[in-house]
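Q: This is the structure I want to talk about, given as structure tokens.
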Amino acid sequence: MSAQITVTVAGSERAVAEQTTAGELFEGDRAVVVARVNGQLRDLFHALADGDVVEPVTVDSEDGLAVLRHSTAHVLAQAVQSLHADAKLGIGPPIRDGFYYDFDVETPFHPDDLKALEKAMQKIINEGQTFERRVVTDADALVELKDEPYKCELVGLKGGNADEAAEGAGVEVGAGELTIYDNIRRDGTRAWGDLCRGPHIPSTKLIGNAFKLMRSAAAYWRGSEKNPQLQRVYGTAWPTKDELKAYLDRLAEAERRDHRRIGAEMDLFSFPDELGSGLVVFHPKGGVIKREMEDYVRRRHIEEGFSYVGTPHISKEALFHTSGHLPYYADTMFPPMELEGAKYQLKAMSCPMHNLIYQSRGRSYRELPLRLFEFGGVYRYEKSGVVHGLTRVRGMTQDDSHSYVTAEQAPAEIKHLLDFVLGLLGDFGLDDFYLELSTRDTEGEKSSKFIGSDEQWEAATKVLEEVATASGLELVPDPGGAAFYGPKISVQARDAIGRTWQMSTIQYDFNQPERFGLEYQAADGSRQQPVMIHSAKFGSIERFLGVLVEHYAGAFPVWLAPVQALGVPVAEDYADYLGEVLDRLKRKGVRVELDASDDRFPKKIRNASKSKVPFTLIAGEDDRAAGAVSFRYRDGSQKNGVPVDDAISEILAAIESRAQV
RNA sequence: GCUGGCGUGGCGCAAUUGGUAGCGCACCUGUCUUGUAAACAGGCGGUUAGGGGUUCGAGUCCCCUCGCCAGCUCCA
């Protein structure tokens, strides 16, 4: 008879035979894919020791999903090598909603290749191969993997910093012992194997048919453009076919929200080829939204103590040398144009020009904080592959503002600005965002780009961090992400397909005041250097508008809607009556339209519905006789016979309160 | 910038192995107009992104440029 050991299973103690595996504890529960043993994720084949604390990890948990997806990535890799014998393996980690695996292959994958790979994967899955863990020494691994140069490179990186060396590499080589996972067929033969930390699901069978390969694209090995590009295949995997379908439906829904699609459908803006890549024109309806945004933020800046200023779109290049921008960003500024022996540059940021306003006369401490603000039209030569709808353009409008303060005033001003930003995001109804704190890199190849003393960086970073933390919002560190002249807090918002974009920013700058020699006279008569705080509330008005379009899927709150009330007469006869109601609204500043076309009533309702106008006002005989109108809302619900005065009040109130209806 | 995929009237799409560009919506004209997502009829509109090549013949094949999409890298 075998000896007994005691383990704690899901909170209660149990005596089991020695050599019992984690999987045996949860036999019969197919949802359990791995186990957490003493806090560590382990395969179900893991043999338990006396005193182990074991928790089941089910496939629908965050960890369980990651394991499922990581195992699916292995199946993909096996499929790739079965179809392309010379494919070399990179890394293959789970990611949000799926996984990827990188391969070095002679010919990049064509979309049709993915179909063939899916078939090969299904075959492997149906074989019910088990994932078996095997500990190897570094030396043995290097021999066994002699045909896998990328894996060998990872063996050399093993240790706590594998993930730093290559994002995702931590799933291949952990901090501890080196392991290889073998895929074993039912007849006991070895189908395939891969250097991997694990853990894995017990059998490929568990993947079922709830996976799909999504796309392929190149990715630089270990994330550096100095390295060769591998071919990355992205896929997704879910516990059930239904969940896979729900995910695919979500993606399809996101595609319908895409601001580039809605922008065209709703006639908001376009990107004419004749202008060039990354340059947008706003059509009248998009112009309304842009103007509402600008009116709002101009008013709010003035309320928050800013003065509205104006500066030109170009400047002699020396200004950007003084500011220090040119050495850093020359390749992303449009090239200079030469006139009268001087080189002029399109501006990519407004701060140097605001510094000139500050500098235009002597400043007293009594003037501080001095706050300047404008809509700066800036141009950046973004690389061709990154230009993207409204979210990454080459010509944009920044609500660029700068607070000049004493060092002592800086913390309060940063808090003031963060409150301002968060209030603005609330007024626009955005809630899917988080804060990011971008700091400098103190080591690594980029560390030299940051200027200023250690003390300055430390002090500035501390101020930003304290204020950001106090907001109570999620705060994500972004080491190395700072601009060369100082750290920043930024608001990151998500687009329809989950990509995040930088929106508002607050940056602490001790460099430009130094470079421009800015000063003010203090109460004691001495000359002091101010601190400059850059802030942008929308960031780029174009980008913010794009994110708004996706957030609302085009169904804007009333105050932003291009057309706020659309009149639809039941028949031609009632157009004049409805027109009078609309005129009254128009006199109150409401944006109205009357559908006086010769379409019939149902068609007009359909058009109104498709236009996403918040209030459709309908009038027929009943309404006219009663001095009323009928509302039709975006959800198709209706309210009939509303007295005209009440109707007007309802619409005005919705605009005033920035309500979504 | 890199890798791959794409580019057909304003929009969404179609066009067997290369054989001489079609459809829906929108738009225009006419008839029509009474209660909540499409009245009917007729019509206009494309040197198939641009340029070059192969071919008797190119939307379909090849090359270059521009633009778009996805990912990677970058992002003051």
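Bear in mind these aren't lab numbers, they're just calculated from the coordinates by the rules spelled out. Given the structure is predicted, the values throughout are model-derived calculations rather than measurements. Virtual Cβ from ideal backbone geometry, glycine too; neighbours counted across all protein chains shown.
Q: Taking a quarter of the surface of the convex hull around the Cα atoms of chain A, what do you get in nm²? Walk me through the numbers on the way to the answer.
A: Details: hull surface 160.2 nm².
Spelled out: convex hull of the Cα atoms, projected over all directions, averaged, 40.1 nm².
Q: Would you work out which of A:CYS152, A:MET214, A:ALA85 lies farthest towards the positive end of the dipole of segment A:62-252? Charges go on Cβ: Lys and Arg +1, Asp and Glu -1.
A: A:MET214
Q: Among the lysines, select those whose C-alpha is under 20 Å from the C-alpha of A:LYS639, and discard any that sit fewer than 8 residues away in the same chain.
A: Cross-link targets: A:LYS603, A:LYS604, A:LYS610, A:LYS612.
Q: Taking the Cα centre of chain A as origin and charging only Cβ (+1 Lys, Arg; -1 Asp, Glu), how large is the dipole, in debye to the nearest 20?
A: Dipole about the Cα centre, nearest 20: 1320 debye.
Q: Let's test the formula: R0 of 51 Å, r as the Cβ-Cβ distance of A:ARG299 and A:ASN227. What FRET efficiency results, to the nearest 0.05?
A: After rounding to 0.05, the efficiency reads 0.55.
Q: Moving on to the next point. Ranked highest first by the average count of other Cβ atoms within 10 Å around their residues, in what order do A:198-205, A:332-339, A:33-40, A:485-492 fall?
A: Working: A:198-205: 22.8, A:332-339: 13.8, A:33-40: 19.4, A:485-492: 25.0.
Order by mean packing, descending: A:485-492, A:198-205, A:33-40, A:332-339.
Q: Using amide H atoms built in the peptide plane, which far-off residues or other-chain residues are under 5 Å from A:ASP52 H to H?
A: A:THR8
Q: Next question. If you count the DSSP beta bridges with both ends in segment A:62-252, what percent of them are antiparallel, to the nearest 5?
A: In segment A:62-252, DSSP labels about 100 percent of beta bridges as antiparallel.
Q: Using the Cα centre of segment A:316-457 as origin and beta-carbon charges of +1 (Lys, Arg) and -1 (Asp, Glu), tell me which of A:LEU346, A:SER403, A:VAL378 is placed farthest towards the positive end of the dipole.
A: A:LEU346
Q: Next question. Of A:LYS245/A:LYS285; A:LYS151/A:LYS383; A:LYS383/A:LYS446, which pairs sit farther than 29 Å apart, going by alpha carbon to alpha carbon?
A: A:LYS245/A:LYS285; A:LYS151/A:LYS383
Q: Further question on the same structure: Spelling out what I want: for every residue of segment A:591-601, take phi, set θ = phi - 60°, compute 6.51 cos²θ - 1.76 cosθ + 1.60 (Karplus), and round to whole Hz; glycine and proline get x.
A: Going residue by residue, I get 7, 10, 9, 10, 8, 9, 5, 8, 5, 8, 3 Hz, with x marking Gly and Pro.
Q: I've got another one for you. I need the phi-derived Karplus couplings for segment A:95-106: 6.51 cos²θ - 1.76 cosθ + 1.60, θ = phi - 60°, integer Hz, Gly and Pro marked x.
A: 9, 3, 6, x, 7, 9, 8, 9, 9, 9, 10, 4
Q: Taking R0 as 60 Å, what's the FRET efficiency between A:ALA49 and A:ASP524 from their Cβ-Cβ distance, rounded to 0.05?
A: Numbers: r = 72 Å, r/R0 = 1.20.
Efficiency, from the Cβ-Cβ distance: 0.25.
Q: Can you give the calculated 222 nm mean residue ellipticity of chain A, where each DSSP H run of n ≥ 4 adds -39,500 (n - 2.57) and the sum is split over every residue, rounded to the nearest 500 deg cm²/dmol? Don't skip to the end; give the middle numbers.
A: On the way: 20 runs with 223 residues, N = 661.
It lands at -10500 deg cm²/dmol.
Q: While we're on this one: What distance in nm separates the simple spin-label points at A:GLU465 and A:ALA116, each placed 7 Å from Cα in the Cβ direction?
A: It is 5.3 nm.
Q: Would you kindly derive the ³J(HN,Hα) couplings of segment A:567-583 from the backbone phi angles with the Karplus curve 6.51 cos²θ - 1.76 cosθ + 1.60 (θ = phi - 60°), listing them in order in whole Hz, with x for Gly and Pro?
A: Using θ = phi - 60°, the values come out as x, 10, x, 5, 8, 3, 4, 9, 5, 5, 4, 5, x, 5, 4, 5, 4 Hz.
Q: While we're here: With only Lys, Arg, Asp and Glu charged, each at its Cβ (+1 for the first two, -1 for the last two), find how big the charge dipole of segment A:307-550 is about the Cα centre; round to the nearest 20 debye.
A: 680 debye
Q: Could I ask something else about it? Determine the percent antiparallel among the DSSP beta bridges restricted to segment A:307-550, to the nearest 5.
A: Percent antiparallel among DSSP bridges in segment A:307-550 is about 85.
Q: Given a cut-off of under 8 Å on Cα pairs at least six residues apart, what relative contact order in percent is computed for segment A:558-656?
A: Once normalised by length, the contact order is 30 percent.
Q: Another one. Which whole-number percent gives the relative contact order of chain A, counting Cα pairs below 8 Å spaced six or more residues apart?
A: Across chain A, relative contact order equals 9 percent.
Q: Can you give me the angle between helix A:541-552 and the longest principal axis of chain A, using Cα atoms only, in degrees from 0 to 90, rounded to the nearest 10?
A: 70 degrees
Q: So how far, in whole Å, is the C-alpha centre of segment A:347-402 from the one of segment A:114-146?
A: 53 Å
Q: Let me ask something additional. Could you give the size of the charge dipole of segment A:4-56 about its Cα centre, using +1 on the Cβ of each K and R and -1 on the Cβ of each D and E, expressed in debye and rounded to the nearest 20?
A: The calculation lands at about 140 debye.
Q: Name the residues whose placed amide hydrogens come within less than 5 Å of the amide hydrogen of A:LEU178, ignoring near sequence neighbours (fewer than 5 apart) on the same chain.
A: Excluding prolines and chain starts, which carry no amide H, the hits are A:VAL136.
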